[in-house]
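Report on the following structure.
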Amino acid sequence: MTTDELKALKSDLVIDARGTACPGPLLAAKKAIGEIESGEIMEILSADEGTKHDIPRWCDKMEHEFLGFVDTDSYSRLFLKKA
Amino acid sequence: MSSEIENQVKLLEEQLKKLQKKQPKDQISIIVFSGDLDKALAAMIIATGARAMDTEVKMFFTFWGTAMLRDKNKSGKGKDFMSKMFGIMLPKGSTKLKLSNMNMAGMGTSMMKGLMKKKRVASLSEMFGTAAELGVEINICEMSMDLMGFKREEMIDYPNLHYVGVGSYLADAEESRVQLFI
């Protein structure tokens with residue numbers, strides 16, 4: 001997905017994990033994924049650079065679809081679709 | 001002819017079952033041998049991260065690693081002189097660990113703890129809480145505890161804690177895909 005497409009996405013759930021360093025955002029994602037249904041979109045806010053690599057790998061393993069990320073000044077928005 | 005094929009299928013199925021049993025699980029086993037703050041942090045980050053990845057985690061705390069599992073508010077009864085000495089010399093719980101490098105008489109360690117807070121890295125005791133929540137299994141080497149003179153009643157309250165020997169570690173390790181010695 002392009003950055004504009006991602007920005008236009010309506011997330012079903014937004015998880016703010018900016019207050020934690022590795023592995024905080026990953027743990028937050030794991031905890032929150034149970035709250036949404038298959039096909040719904042979750043957005044993770046993270047200020048941890050490593051998370052941008054970790055979440056796609058996590059999605060790969062858990063068979064969720066990683067849609068991409070958008071960087072802002074101080075954090076990233078990561079999007080995924082639940083399997 | 002068809003019964004021969006049936007027999008062969010049966011044989012293959014049996015062998016497949018045997019092979020599947022030998023396949024390592026989606027599981028990691030981590031030995032925590034060291035009692036240093038930095039190494040313990042690495043072990044706990046990997047352990048909690050692995051649970052986020054839906055991987056089973058079996059941790060084995062042995063030798064210097066056992067001291068961080070002591071509860072600072074508990075004490076063991078009926079210790080002999082050597083056990084008491086060890087008890088005083090060794091860190092009482094995860095908050096008392098020191099860095100393996102740049103400790104500088106404790107200055108380095110407290111600087112690192114301040115830095116961790118600033119950079120929003122969870123403290124070791126927070127990580128033990130998360131590990132408990134996520135179902136990380138903790139195994140403690142009974143023999144090490146005996147050597148150091150630690151009693152079961154002075155160890156932390158943890159939902160998934162076992163006192164084991166090397167056999168349990170090996171059995172779990174053989175079933176694990178990833179092995180770490182920290």
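Quick notes
- Pairing residues of the stretch A:47-59 that are more than 10 Å from every other protein chain (Cβ to nearest Cβ) with residues that are assigned to a helix (DSSP H, G or I), at Cβ distances under 6 Å and at least 6 apart in sequence or on separate chains, gives A:Thr51/A:Pro25.
- You will find that of B:Met102, B:Met112, B:Met107, the residue that is within 14 Å of chain A (Cβ to nearest Cβ), more than 16 Å from B:Ala67 (Cα to Cα) and either over 15 Å from the mean Cα position of the chain (by Cα) or loosely packed, with under 14 Cβ neighbours inside 10 Å (or both) is B:Met112 and no other.
- Residue selected from the stretch B:144-173 under the condition more than 14 Å from B:Ile31 (Cβ to Cβ) and of a type in the set (Asp, Glu), by the criterion surrounded by the fewest Cβ atoms within 10 Å (Cβ to Cβ): B:Asp157
- Look at the stretch A:16-42: where a residue is over 20 Å from B:Ile45 (Cβ atoms) and modelled with pLDDT of 95 or more and a partner is of a type in the set (Gly, Ala, Ser) and surrounded by 15 or more Cβ atoms within 10 Å (Cβ to Cβ), sitting 6+ places away or on another chain with Cβ atoms under 8 Å, you get A:Ile41/A:Ser11; A:Met42/A:Ser11; A:Met42/A:Ala29; A:Met42/A:Ala32.
- Applying the condition of being within 14 Å of another protein chain (Cβ to nearest Cβ) and either basic (Lys, Arg) or without any contact (Cβ under 8 Å) to a residue 24 or more places away in the chain (or both) to the stretch B:128-152 and asking which residue is farthest from B:Lys79 (Cα to Cα) yields B:Glu133.
- Some residue of the stretch B:69-91 being of a type outside the set (D, E, K, R), in contact with a His (Cβ under 7 Å, 6 or more places away or on another chain) and more than 14 Å from every other protein chain (Cβ to nearest Cβ): no
- Taking the stretch B:51-65 as the range and being within 14 Å of chain A (Cβ to nearest Cβ), of a type in the set (A, V, I, L, M, F, W, C) and either closer than 11 Å to B:Val32 by Cα or part of a strand (DSSP E or B) (or both) as the test, only B:Val57 passes.
- Single match in B:Met102, B:Met85 (criterion: assigned to a helix (DSSP H, G or I) and over 19 Å from B:Ile140 (Cα atoms)): B:Met85
The values are calculated or read from the model by the stated rules, or taken from the named source; none is laboratory data. Predicted model only: the values in this text are computed from it and were never measured. Note that we place each Cβ from the backbone using ideal geometry, even for glycine, and neighbour counts take in every protein chain shown.
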